[in-house]
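Here's the structure we're looking at; comments come further down.
The values are calculated or read from the model by the stated rules, or taken from the named source; none is laboratory data. The shown structure was predicted, so the numbers you read here are calculated from the model rather than taken from an experiment. Every residue, glycine as well, gets a Cβ built from its backbone with ideal geometry; the counts of neighbours run over all protein chains shown. Just the protein is used for accessible areas: all its heavy atoms, side chains included, with ligands, DNA and RNA removed. Shrake-Rupley method; radii C 1.70, N 1.55, O 1.52, S 1.80 Å.
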Amino acid sequence: MGRMTELAAFLKARNSWIVFGHVNPDGDAAGSCIALALALEALGKRACVYLPGGLPEMYRVFPCTVEIASGDALPFRVEGGFAADVSEPERLGSGRALYDACPGRAMLDHHATNAGFGEAHVVDGAAAATGELAVELIAELGVELTEEMATWLFIAICTDCGRFGYSSTRAQTMEAAAACLRAGIDLDGVTRELYRTRSEGRTRLLGMALNGLEMDGSGRMCWARLTEDMFRRAGALREDNEGIVNYLLEIRGVQFACLAEERGSQTKFSLRSKLPLDVAEAVAVPLGGGGHACAAGVTLNLPLEEALARVLAQAEAALK
């Protein structure tokens, strides 16, 4: 783990930055990247955000004044690449070549499986969200939180710590959220959009997934599928899968839950567990994925049913 002061100095030393999120960006990736880019602009730097696939539709209701790029053409000459919430270089997706080509490379992340990359980086696996670390970094940069920055940081923190309910939530998580509140965010408006509003397509997809859930004989494992046909019939976007796996884990007695999503010839998994099962160490990492103790993911180059059988076998062995 590097020092936040060293990372701040590295960022200050260059005049233009592109802030990279990971593939299939979630609230933590999108929120952290946007807030950090805004902070760099407040220092007089040129900055933009690169999110592979663009900003998810569900977050486009929130004001965002920073430029978000998604193609190969950048709006200015970039002196540095800054990865936020990216657990490994491969997770940069279509942004990997752009990041590697940057003269200076930095990284901020909270995934414990992150071995570290870039010339200056901070990884804190105990943090509940990269947004939590971003609050600390922005303070180290000497930038005062604006309402826009704080809104995106709160989105990052709140979505990744399960509304402050996951075991990863710590005192620093609450303190970072408090800093966002002091900056004047519209708490009711933000949480209404995040948790009390959803599209018709997202609602229909949730119903289809839960209607097809399955459990093993012990009642400790639960899983569901999302096929490409289900997305079409529901009229749902890819991002509408977010959070579905949590419903499976909430079933009483379930210790391991997974959502298997068909993506062409590949299958993407969202994995969740209850301690003492470390789903990252025991299931995701052995299969080529990564993540946190209770929330991880992996993508297998296998058809859905074959991939699902492999993940379930790995989880069953871990539970034994």
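Give me the percent of the accessible area of the stretch 201-297 that comes from carbon and sulfur atoms, probe 1.4 Å, all protein chains in place. C and S fraction of accessible area: 50 percent.
Compute a Gaussian network model of the chain, connecting alpha carbons closer than 10 Å, and tell me which residue from Ile251, Ile155, Ile34 fluctuates the most. Largest GNM mean-square fluctuation: Ile251.
Which value in Å does the Kirkwood hydrodynamic radius of the chain take, with 1/r averaged over all unlike C-alpha pairs and then inverted?
Across the chain, the inverse of the average 1/r is 19.9 Å.
Just from its helices, what would the mean residue ellipticity at 222 nm be for the chain, if runs of 4 or more DSSP H residues each count -39500 (n - 2.57) and the sum is divided by every residue, rounded to the nearest 500 deg cm²/dmol?
-11000 deg cm²/dmol, from helical runs alone.
Counting only lysines at least 8 places from Lys45 when in the same chain, those with an alpha carbon closer than 26 Å to its own are Lys12. Under 28 Å between alpha carbons, and skipping anything fewer than 8 positions from Lys320 in its own chain: which lysines qualify? Lys320 reaches Lys268, Lys274.
Per residue, what accessible area does the stretch 1-110 have, given a 1.4 Å probe and all protein chains present, in Å²? Numbers along the way, then the final one.
Numbers: 4120 Å² over 110 residues.
Normalised by residue count, the accessible surface of the stretch 1-110 is 37 Å².
What does the charge dipole of the chain about its Cα centre add up to, to the nearest 20 debye, if the Cβ of each Lys and Arg holds +1 and the Cβ of each Asp and Glu holds -1?
About 320 debye.
Surface composition of the stretch 4-101: carbon plus sulfur atoms hold 47% of the accessible area, using a 1.4 angstrom probe and ignoring ligands, DNA and RNA. The antiparallel fraction among DSSP beta bridges confined to the chain stands at about 40%.
Between the residues Met149, Ala127, Gly235, the greatest Cα displacement towards the positive end of the dipole of the stretch 122-277, with unit charges on the Cβ of Lys, Arg, Asp and Glu, is found for Gly235.
Taken as Cα centroids, the stretch 58-107 and the stretch 167-187 sit 25 Å apart, rounded to the nearest whole angstrom.
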